[in-house]
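Okay, structure first, notes after.
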Amino acid sequence: MVQEAKLSAALSEFARTMVTDFPIQAILDHLVERIVDVMPVTGAGVTLISPGLAPRYVAASNDAALRFEQLQTEVGQGPCLVAYETGQAVAVPDVATDERFPRFAPLAADSGLAAAFTFPLRHGDGRLGALDLYRDTPGPLNPRDLAAAQTLADVAAAYLLNAQAREEAREASDGFRRSSLYDSLTGLPNRVLLQQRLEHAALRARRSHAHVGVLFIDLDDFKRVNDTHGHRVGDQLLCAVAQRLSSLSRPGDTLARVYGDEFVFLCEDMRGVADIETLATRVVESFAVPFVVEGAEPKMAVTASVGLAYAGLGEEVSDQLLDNADAAMYQAKRNGRGRHFVLDIREPQQTKEHHPTLAQDLKDAFVHDKLDLVYQPIVRTVDGRVIGVEALLRWIDPARGSIPARTLIDVAERNGFISQIGAWVLERACSDRAGWPRPHPDTPLDVSVNVSAQQLMGRDFSGTVAAILDRTAMDPAALVLEMTEGIFIDDAGRAITVLADLKELGVRLALDDFGTGYSSLSYLRQFPVDIIKIDQGFTADIGRELFGTVIIGAVTNLAHVLGLSVTAEGVETAEQREAITAIGCENAQGFFFGQPMSNDEFTAQLAAQRAPTRFQRQMSTLPITLHRSAGISNG
Ligand code: C2E
Ligand code: MG
Ligand code: MG
């Protein structure tokens with residue numbers, strides 16, 4: 001029974017990961033390892049066979065398995081080859097007494113192989129190779145195990161075909177895409193590809209902490225070059241300019257030639273407006289050295305005008321950025337050529353003062369206790385019951401109005417007071433929880449608090465958490481700390497130590513916005529995370545993108561394999577709720593269940609749910625949804 005459950009888990013695991021883009025080798029390695037877990041065998045291997053070519057061993061669970069695979073090729077005989085040739089499974093329950101493989105059997109027995117079972121990797125009427133199972137003791141496999149092994153072989157074959165098809169499709173489209181996305185003169189991305197990258201940047205900026213900048217570069221008097229020296233020289237100059245600009249670009253930047261003598265830099269990972277201004281200055285300065293162009297002696301001196309537009313944290317990234325950079329470039333030309341000009345759509349001419357004053361005001365608000373927290377319910381998908389809340393920071397600036405939480409966090413991080421604000425959020429959330437009624441004492445009521453990377457890595461973070469738990473008499477098991485993958489990037493070693501200290505306190509850890517950053521599954525194995533929060537961007541794809549649910553399904557499935565629970569963020573519609581419930585996400589959060597609300601509102605809502613009557617208990621499998629609260633808007 002246990003065996004069967006394990007087997008079916010392994011099967012569904014593979015079936016689900018099939019549609020994802022995991023490297024085929026990793027999947028096959030994992031497959032042979034898992035087979036040894038779930039079947040009564042000691043080794044497993046996969047061999048691919050193509051007519052006229054030597055067999056290729058693509059995966060083996062251990063050295064012994066690899067040796068057996070090789071042995072069959074060396075002697076040109078063995079159960080794997082028969083399974084491949086006949087398309088039928090071959091069982092050799094006792095190698096020592098089997099007479100079908102006179103050359104293979106004695107050598108295999110000498111190396112410790114007692115029984116072998118091989119299964120063809122079927123593909124229509126043909127075969128791709130075989131899945132081989134080995135055992136170090138003789139004896140048959142029961143019919144159920146034989147059938148299960150053939151199913152695994154079929155799954156492996158489907159994988160291989162799928163990977164092959166993907167590979168072929170990619171190769172076929174690459175040639176076409178290169179020609180339609182790149183400029184044939186300079187080899188740089190063209191306007192179409194730039195547009196795609198900009199759309200991508202817009203998505204990323206919405207989900208991550210990215211500042212996006214655009215530089216629009218236009219050569220001064222290029223028309224005169226063409227008129228005086230001819231188009232061939234003009235073309236060569238453009239190539240030389242492209243090369244020089246390329247040398248300024250950093251990994252992740254896109255440099256495109258959009259038209260004639262117009263180039264655009266798209267920079268997605270700027271730390272702030274100062275970074276992009278530095279790049280603009282370097283671009284202008286790079287034109288100080290004349291260009292070597294064949295047919296135009298001596299070297300050619302050219303200047304360029306550069307316009308700059310920038311979107312800070314939480315600000316909309318769109319085509320508008322390109323238009324603004326273009327407009328700024330014209331302003332630069334009007335100011336005299338060979339210069340750059342910044343067009344800042346937020347506060348013209350005040351770019352530099354913008355953040356410091358906001359920082360000062362935020363600090364004052366903090367000191368005068370003007371910051372606030374709101375709570376957004378997190379519900380259990382099986383019965384729709386609220387099992388916790390996420391605390392979210394709010395500040396309404398009397399002059400600027402409500403400022404997005406991400407901007408507040410960013411400003412506090414840059415100006416060195418994130419740890420104080422973060423500690424205040426934590427303490428406030430823990431003490432608020434102490435005042436909440438518990439209409440369903442058996443249902444958890446967790447508090448999730450976001451922790452920024454800088455705060456987590458700051459001085460004695462775990463000591464601060466311990467002190468707050470103590471002061472507020474908070475149950476550590478009811479506290480979830482949410483962090484993003486960013487913490488693993490800078491100093492993974494230190495992150496591991498801090499997380500271990502936090503686990504020691506008994507709190508749980510959630511990986512927030514999963515899927516927006518590096519999303520390496522290796523982090524999940526390496527770090528003691530308990531919960532994955534799937535980013536709202538993926539939830540939004542449900543019913544909109546072909547693979548919307550598939551991706552959430554695959555992530556959820558893998559999280560479950562690793563023993564983690566999954567919360568889907570940003571659930572806004574009944575369709576999304578149904579999809580994530582069907583997939584098996586344990587918990588969900590989003591406007592569909594409830595907007596972030598004040599502590600008073602949340603307390604009142606809990607109080608309104610009196611202890612259930614017997615009838616209500618019977619009905620408790622029906623979903624209870626919280627009503628949207630009118631007062632506080634998101635962000
Ligand atoms: P997060 O941790 O992923 O929080 C969820 C965000 O999604 C919140 O935005 C929430 O209002 C919003 N949201 C919830 N449900 C839905 C929905 O159905 N649809 C849509 N479109 N959005 C939904 P908010 O409050 O603006 O916070 C943004 C981010 O700021 C948070 O993302 C978190 O990373 C950060 N943040 C907020 N408060 C704090 C804090 O106290 N400390 C730290 N370090 N970061 C915080
Ligand atoms: Mg969060
Ligand atoms: Mg999130």
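The values are calculated or read from the model by the stated rules, or taken from the named source; none is laboratory data. Please read these numbers as outputs of a predicted model, since none were measured by experiment. FYI the Cβ positions are ideal-geometry reconstructions off the backbone, even for glycines, and counts take in every protein chain you see. These accessible areas exclude ligands, DNA and RNA; they are computed on the full protein's heavy atoms, side chains included. Shrake-Rupley method; radii C 1.70, N 1.55, O 1.52, S 1.80 Å.
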- Expected field for V425, accessible surface area in Å² at 1.4 Å probe radius, rounded to 10, holds 10
- From highest to lowest solvent-accessible area (probe 1.4 Å; ligands, DNA and RNA excluded), H440, H560, H231, H211 read H231, H560, H440, H211
- Note on the structure: Quick calc, region 191-355, dipole around Cα centre from Cβ unit charges on Lys, Arg (+) and Asp, Glu (-), nearest 20 debye, gives 180
- Message: For the full complex of protein chains and a 1.4 angstrom probe, list W424, W395 by accessible area with the highest value first.
- Response: W424, W395
- For region 191-355, accessible area per residue (1.4 Å probe, heavy atoms of protein chains only), Å²: 49
- How much length is gained on full extension from R544 to E199, taking 0.36 nm per residue of separation minus their Cα-Cα distance? 122.5 nm
- Task: Starting from the Cα gyration tensor of region 394-541, take the square roots of the eigenvalues, sort them a ≥ b ≥ c, and report rounded, prolate or oblate (rounded when a/c is under 1.5, otherwise prolate if a/b is larger than b/c, else oblate).
- Result: rounded
- Task: Just name one of V283, Q331, A240: the one whose Cα is farthest towards the positive end of the charge dipole of region 191-355 (beta-carbon charges, Lys/Arg +1, Asp/Glu -1).
- Result: A240
- Message: Counting only protein heavy atoms and a 1.4 Å probe, tell me what percentage of region 367-451's accessible area is made up of carbon and sulfur.
- Response: 54
- Item | Highest-first arrangement of 325-337, 465-477, where packing means the average Cβ count within 10 Å | 325-337, 465-477
- Query: Which far-off residues, 5 or more places away or on another chain, put their amide H under 5 Å from the one on V302, with H placed in the peptide plane?
  - Reply: F291
- Once phi for every residue in region 221-227 is put through the Karplus expression 6.51 cos²θ - 1.76 cosθ + 1.60 (θ = phi - 60°), the whole-Hz ³J(HN,Hα) values, with Gly and Pro written as x, are 6, 5, 4, 5, 4, 4, 5
- Solvent exposure ordering (accessible area, 1.4 Å, most first) of E262, E485: E262, E485
- Task: Would you tell me the accessible area of L71, worked out with a 1.4 angstrom probe on the heavy atoms of the protein chains, in Å² to the nearest 10?
- Result: 20
- Query: Taking only protein heavy atoms and a 1.4 Å probe, what accessible area per residue, in Å², does region 377-449 have with all protein chains in place?
  - Reply: 37
- Heavy-atom accessible area of R380 with all protein chains present, probe 1.4 Å, nearest 10 Å²? 60
- Using mean Cβ contacts within 10 Å as the protection proxy, how do 396-402, 39-45, 498-504 order, highest first? 39-45, 498-504, 396-402
- Message: If you count only protein heavy atoms with a 1.4 Å probe, what accessible area per residue comes out for region 24-124, rounded to a whole Å²?
- Response: 45
- Mind jotting down a quarter of the surface of the convex hull over the alpha carbons of region 423-504, in square nanometres, one decimal? 5.5
- Query: So what's the gap between the Cα centers of region 113-158 and region 249-306, to the nearest angstrom?
  - Reply: 60
- Between D446 and residues 5 or more places away or on another chain, the pairs with built amide H atoms under 5 Å apart involve G388, V389
- Once phi for every residue in region 440-452 is put through the Karplus expression 6.51 cos²θ - 1.76 cosθ + 1.60 (θ = phi - 60°), the whole-Hz ³J(HN,Hα) values, with Gly and Pro written as x, are 10, x, 7, 8, x, 9, 7, 10, 9, 10, 6, 10, 7
